[in-house]
Amino acid sequence: MPTAARQLVTMLRRLDVDRVFCVPGESYLPVLDALADEPAIDLVTCRHESGAGLMAVADAKMTDRAGVAFVSRGPGATNAALAVHMAEQDGAPLVLFIGQLPRTNLGRGVFQKIDYERTFSDMAKWTVEVHDAGRLAETAAEAFRVARDGTPGPVVISVPEDVFDEQVGDALPEPPRPSPTAPTPDEVTAVADRLGAATRPLLMVGGQARSARGRAALAACVNRWQVPVATSYKHQDLFDNRHPCFAGHLGFGLPPAAWQHLTEADLIVAVGTRLNEITTQCYQLPRAPAPDQPLIHIHPDPAQIGRVFETTVRIVADTIPFLEALAARTPPPPPAPSARDAWRNRLHMAVLDLARWTPSDAPDGVDFGHVVAALNDQLPSDAVLAMDAGNFGGWLHRHFLFRSTHLLLGAISGAMGLGTPAAVAAALRYPDRQVVCVVGDGGFLMTGNELATAVQYGARVRLFVANNRSYGTIRLHQEKLFPGRVAGTDLTNPDFAALAEAFGARGLVLETPQDTPSVVREALGHDGPVVVDVRTSLEHLSTFSTLTSLAAAASDRGH
Ligand SMILES: Cc1ncc(C[n+]2csc(CCOP(=O)(O)OP(=O)(O)O)c2C)c(N)n1
């Protein structure tokens, strides 16, 4: 008879799990032992539980299956909390297994104890502790269902270590298979009628369309209906940014001129997005609680519809079947074709205006726009771009023109730390694709230790570190609220290229804008992990501001 640990691993295979990320712990040794006998599941050993959890989140975003991480109790579990939070905020399915104390010691306040239900209940969709060995595999299958259904998110399973060793019966329950909810024909007609009658419609689409099939359905729908489409935060890779129907990426910190014209829409159709604070530009697109135009919201989770916005048409359905059904309808001739064309062209022109980049030289290093411009020129159309959180990301968001064949891995939660682990997970998942990460000097020293994981597993990541010697994003806020007073944001950094070499990766330094194309080419051509220390300008603090312009604005305000 198998142990519960071996039966769990068998169930993971049935659930199509082919890779798990971990930091080993003494609390789940039987699972590690069972995984060693399961060649169909890669075990990726990471250097920090946040790295393991973030790789699992990134893997979920790439595969549309739940990402899986195993961590140890207490400190291991709390280290992984960043990933649990991100999975919730990003709507990414994650199953986090925690090896718990033996059952006999629970409730005694012992070494490394945590009540996981209390700890994770605000972040996880479900937290469960399994005390009955015979039900471990079944609970795991249910965890995968919960993680995926409705709004995908994290599930935490804690398992007392002695449960893993117990012998259980051979019988395994059949895991539930996902069954997407399709819209009814009447629901599709309701959308088609309103869309056909609108002069200034706007489609807002979110991460639930991120699979290859979702992207194809979105493209088919937009091409059929010729409707302008804007993507939710950090999802501008869902649709070809050069397409005349692309109406923009609803990102963070956009100047009003970049999005306010979208509020003139006479119909908003929101599909597969939770319409969060950032995407809606702080609840102004659409306006909360009463939008200025009819709002149609399609989402598989009824709790997401009408939560913030008065919604004219509510459709509880999965994104892909909805887009496919709408793409199959024949649009009527628009009521005012030239007005509709003018609207679409105006929105797309605004996208191109915002994306235009004029090379500019900084007095104290490389404007990070040079790196993004070189990536725009040199990356193939199937490249994966992982990004950490920080000002450097603004150049990527603003100036990189994504194709729907690119993949963008970024944290909607806004957490620093995703960049390097996500790049490692991507290079493992797609060994033949270029995988680039842009990360700040702050973020790189949070989870850049996973470069060791990249070296260990031969993950060909190219990490571009925007080294401006500052927690630049916070410096930006500081310059607005406390001009000229720098507190807690300056950084003294190691030699990142030497650090990379010490890890066994290639280390390059980029010091001048002129060298950018050749250094980027060298990084992309290297057959192994690379770190490029981009000596980045602090004066050019973000894609929208310089230290000088911020000081001038402060002085205008009488500071
Ligand atoms: C885990 C985490 N800690 C803190 C923050 C707050 N925060 C947001 S951006 C930022 C600075 C980022 O600095 P860096 O990585 O150097 O990039 P830069 O902004 O300088 O381009 C900080 C501290 C965060 N978002 N996530």
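Looking at ASP364, ASP388, which is the one that is of a type outside the set (S, T, N, Q), within 16 Å of the ligand (Cβ to nearest atom), open to solvent by less than 20 Å² (accessible area, probe 1.4 Å) and farther than 21 Å from TRP259 by Cα?
ASP388 is the lone residue from the list that is of a type outside the set (S, T, N, Q), within 16 Å of the ligand (Cβ to nearest atom), open to solvent by less than 20 Å² (accessible area, probe 1.4 Å) and farther than 21 Å from TRP259 by Cα.
Scan region 414-435 residue by residue and report those that are more than 16 Å from the ligand (Cβ to nearest atom) and crowded, with 24+ Cβ neighbours inside 10 Å.
VAL424, ALA425, ALA426, ALA427, LEU428, VAL435 - these are the residues of region 414-435 that are more than 16 Å from the ligand (Cβ to nearest atom) and crowded, with 24+ Cβ neighbours inside 10 Å.
I'd like the residue in region 437-456 that is more than 16 Å from the ligand (Cβ to nearest atom) and closer than 18 Å to ALA523 by Cβ and, out of all such residues, is least open to solvent (accessible area, probe 1.4 Å).
Applying the filter and picking the extreme gives ALA454.
Sort out which residues of region 474-502 are among the aromatic types (Phe, Trp, Tyr) and more than 28 Å from the chain's Cα centre (by Cα), and write them in order of number.
Matches in region 474-502: PHE482 only.
Check ILE305, ILE278, ILE296 and return the single one that is touching a strand residue (DSSP E or B) at 6+ places or on another chain (Cβ under 6 Å) and either open to solvent by 30 Å² or more (accessible area, probe 1.4 Å) or in contact (Cβ under 8 Å) with a residue 60 or more places away in the chain (or both).
Going through ILE305, ILE278, ILE296 in turn, just one is touching a strand residue (DSSP E or B) at 6+ places or on another chain (Cβ under 6 Å) and either open to solvent by 30 Å² or more (accessible area, probe 1.4 Å) or in contact (Cβ under 8 Å) with a residue 60 or more places away in the chain (or both): ILE296.
Tell me, which helices (runs of 4 or more DSSP H) lie completely within region 375-448 with 1 or more residues that are more than 22 Å from ASN241 (Cα to Cα)?
Because the criterion is at least 1 residues that are more than 22 Å from ASN241 (Cα to Cα), the helices (runs of 4 or more DSSP H) in region 375-448 that meet it are 419-429, 441-447.
Residues being open to solvent by 30 Å² or more (accessible area, probe 1.4 Å) and part of a loop (DSSP other than H, G, I, E, B): count how many of those fall in region 229-265.
8
Every residue, every condition in (1) out of contact with any helix residue (DSSP H, G or I) (no Cβ under 9 Å at 6 or more places or on another chain); (2) under 28 Å from LEU407 (Cα atoms), yes or no:
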| position | (1), (2) |
| --- | --- |
| PHE239 | no, yes |
| PHE252 | no, yes |
| GLU264 | no, no |
| ILE305 | yes, yes |
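If you go through region 177-192 one residue at a time, do you hit one that is β-branched (Val, Ile, Thr), touching a residue at least 12 places away in the same chain (Cβ under 8 Å) and over 30 Å from ALA327 (Cβ atoms)?
no
Based on what the data block shows, is PRO185 modelled with pLDDT of 95 or more and out of contact with any strand residue (DSSP E or B) (no Cβ under 9 Å at 6 or more places or on another chain)?
The answer is yes for PRO185.
The values are calculated or read from the model by the stated rules, or taken from the named source; none is laboratory data. Since this is a predicted model, take the numbers as computed values, not measurements. Reconstructed Cβ throughout: ideal geometry from the backbone, glycine too, with neighbour counts over all protein chains shown. Calculation scope for accessible area: heavy atoms of the full protein, side chains included, ligands and nucleic acids excluded. Shrake-Rupley method; radii C 1.70, N 1.55, O 1.52, S 1.80 Å.
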